[in-house]
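J.: The structure that follows is given in the form of structure tokens.
The values are calculated or read from the model by the stated rules, or taken from the named source; none is laboratory data. Please read all numbers here as calculations on a predicted model, not as lab measurements. Cβ placement follows ideal geometry from the backbone for every residue including glycine, while neighbour counts extend to all protein chains displayed.
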Amino acid sequence: MTSPVIHVDTASHVPPYEQIRVQLAALIATGRLPEGERLPTVRQLAADLGLAAGTVARAYRELESASLIRTRRGAGTRVASLPTPAADPDPTRLAELTRLFVTQARGLGADGQAVLEAVREALDEPL
């Protein structure tokens, strides 16, 4: 995983492990992290982000529970094949993801119009 970058806002009310989990899940869902792509080790990503290894380990455990990644001794952690999408997305989970995105976008200085435009552009991109 060399090109996609994970950012953690330590001032955010969203726990760092959740920020990591959401960003990696989004990268996987959009295909920016393709099936089989090797992820950094827990220690490496923790060092890169300046976080405790347990924080990254929790994000990885949750991604593994969601079948988005798989870890094998000796082979490392890799992106799993995408699960079949649910017919209806979980509205609570969708609201959580939306709040996280809006919070981070506003942290960059984006106003409501810029956030909506970014969402429209993202929706127009092929998966």
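J.: Just a yes or no: is a residue in region 39-55 small (Gly, Ala, Ser), within 15 Å of the chain's Cα centre (by Cα) and surrounded by 14 or more Cβ atoms within 10 Å (Cβ to Cβ)?
T.: Scanning region 39-55 turns up at least one residue that is small (Gly, Ala, Ser), within 15 Å of the chain's Cα centre (by Cα) and surrounded by 14 or more Cβ atoms within 10 Å (Cβ to Cβ).
J.: Now for a separate question. Before we move on, is Arg99 at pLDDT below 90, in a helix (DSSP H, G or I) and within 18 Å of Val14 (Cα to Cα)?
T.: Yes, satisfied.
J.: Can you pull out the residues in region 1-35 that are among the small types (Gly, Ala, Ser) and either modelled with pLDDT of 90 or more or over 17 Å from Asp48 (Cα atoms) (or both)?
T.: Ala11, Ser12, Ala25, Ala26, Ala29, Gly31
J.: Kindly indicate which of Ala105, Ala59 is part of a helix (DSSP H, G or I), in the same structural domain as Gln19 (by TED's automatic domain parsing) and small (Gly, Ala, Ser).
T.: Of Ala105, Ala59, the one residue that is part of a helix (DSSP H, G or I), in the same structural domain as Gln19 (by TED's automatic domain parsing) and small (Gly, Ala, Ser) is Ala59.
J.: Step by step: first the residues of region 9-35, then only those that are small (Gly, Ala, Ser) and under 15 Å from Gly107 (Cα atoms), then the one that is surrounded by the most Cβ atoms within 10 Å (Cβ to Cβ). Which residue is that?
T.: Ser12
J.: For the structure I just gave you, tell me whether Leu63 is in contact with a strand residue (DSSP E or B) (Cβ under 9 Å, 6 or more places away or on another chain), within 21 Å of Ala122 (Cα to Cα) and of a type in the set (A, V, I, L, M).
T.: no
J.: Considering only region 25-57, state which residues are under 19 Å from Ala75 (Cα atoms) and in contact with a Phe, Trp or Tyr (Cβ under 9 Å, 6 or more places away or on another chain).
T.: Matches in region 25-57: Leu39, Val42, Leu45, Val56, Ala57.
J.: Now a separate question. I'd like to verify a number: residues in region 109-127 that are under 20 Å from Val8 (Cβ atoms) and either of a type in the set (D, E, K, R) or loosely packed, with under 11 Cβ neighbours inside 10 Å (or both), how many?
T.: 1
J.: So Arg32 ticks every box in (1) out of contact with any strand residue (DSSP E or B) (no Cβ under 7 Å at 6 or more places or on another chain); (2) farther than 18 Å from His7 by Cα; (3) part of a loop (DSSP other than H, G, I, E, B) but one. Which box is left unticked?
T.: (2)
J.: Could I ask something else about it? Assuming Val102 fulfils every condition listed in (1) free of Cβ contacts under 8 Å to residues at least 24 places away in the same chain; (2) farther than 19 Å from Gln19 by Cα; (3) in contact with a helix residue (DSSP H, G or I) (Cβ under 9 Å, 6 or more places away or on another chain) apart from one, which condition is it?
T.: (2)
J.: Select, from Arg72, Arg99, the only residue that is assigned by TED's automatic domain parsing to the domain that holds Ala118 and exposed (fewer than 15 other Cβ atoms within 10 Å of the Cβ).
T.: Within the list Arg72, Arg99, the selection yields Arg99.
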